[in-house]
Amino acid sequence: MASETTVRANTEIIREYTQRVFNEHDPGTSSEYFTPEVKWHGGLLGTVEGSESVKEMLRGFIGALPDLHATEQDIVAAGDTVAVRYVVEATHEGNLLGIAPTGRRLRWDALDIYRLADGMIIEEWAGDDLAAILYQVGAYTPPWLSASEAETTLDSGGPEPSTKGPSR
């Protein structure tokens, strides 16, 4: 079991990683935080393995969203694991998941879980709200929104999708 000092140190490593790589838009520094065999799990986006491969994936993501900013909402750490809930904001200025730039302002929730070993990230599970991202770039309309609601929301320039959820 990790000591309280290690848990605190892991928390600070993740905060620094978020600041430098995402908020300062420097994915090249990510390899300073990864073990060579790091695994990044992105749900529907699959798994990326190896420090250089993850760094290149981050370059593409941050390149498409060059003003990205992740604001920490909650952070919880225990043992070798740190979980962070973020609100992420960015402008869609480059190819993102095969979608041409729209210039739209995006905002979504993310929950990332990191596992560290000897002060380095060995594994990450990235849980970004892809439905919100795809909706805000105009690539997807959730089934609980009518087409007219979606057009109104997107045409108004508002970055956030409707909060009306599915009926039960």
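Rg and Dmax over the alpha-carbon atoms of the stretch 22-74 stand at 11.4, 29 Å. Whole-Hz Karplus values for the stretch 52-60 come out as 5, 5, 5, 4, 5, 4, 5, 4, x Hz, taken residue by residue from phi with 6.51 cos²θ - 1.76 cosθ + 1.60 and θ = phi - 60°; glycine and proline positions read x.
Seen against the Cα atoms of the chain and their longest principal axis, helix 4-17 is set at about 50 degrees. Note on the chain: antiparallel DSSP beta bridges, both residues inside, total approximately 90 percent of the bridges counted. For the chain, the calculated P(r) over all alpha carbon pairs, in 5 Å bins from 0 to the bin holding the longest distance, is 2, 9, 16, 20, 19, 13, 9, 7, 4, 1, 0 percent. Computed from backbone phi with θ = phi - 60° and the Karplus coefficients 6.51, -1.76 and 1.60, the 3J(HN,Hα) list for the stretch 18-24 is 4, 5, 6, 6, 8, 6, 9 Hz; x is used for glycine and proline. Close amide H contacts of residue 123 (hydrogens built in the peptide plane, cut-off under 5 Å, sequence separation of 5 or more or a different chain): 39, 115. The slack between residue 93 and residue 6, meaning 0.36 nm per residue of separation minus the straight C-alpha distance, is 27.5 nm.
Placing +1 on the Cβ of every Lys and Arg and -1 on the Cβ of every Asp and Glu, with no other charges, gives the chain a dipole of roughly 400 debye about its Cα centre.
Just so you know, all these numbers are worked out from the coordinates, no wet-lab data involved. Owing to the predicted nature of the structure, the values given are computational and were not obtained by experimental measurement. Every residue, glycine as well, gets a Cβ built from its backbone with ideal geometry; the counts of neighbours run over all protein chains shown.
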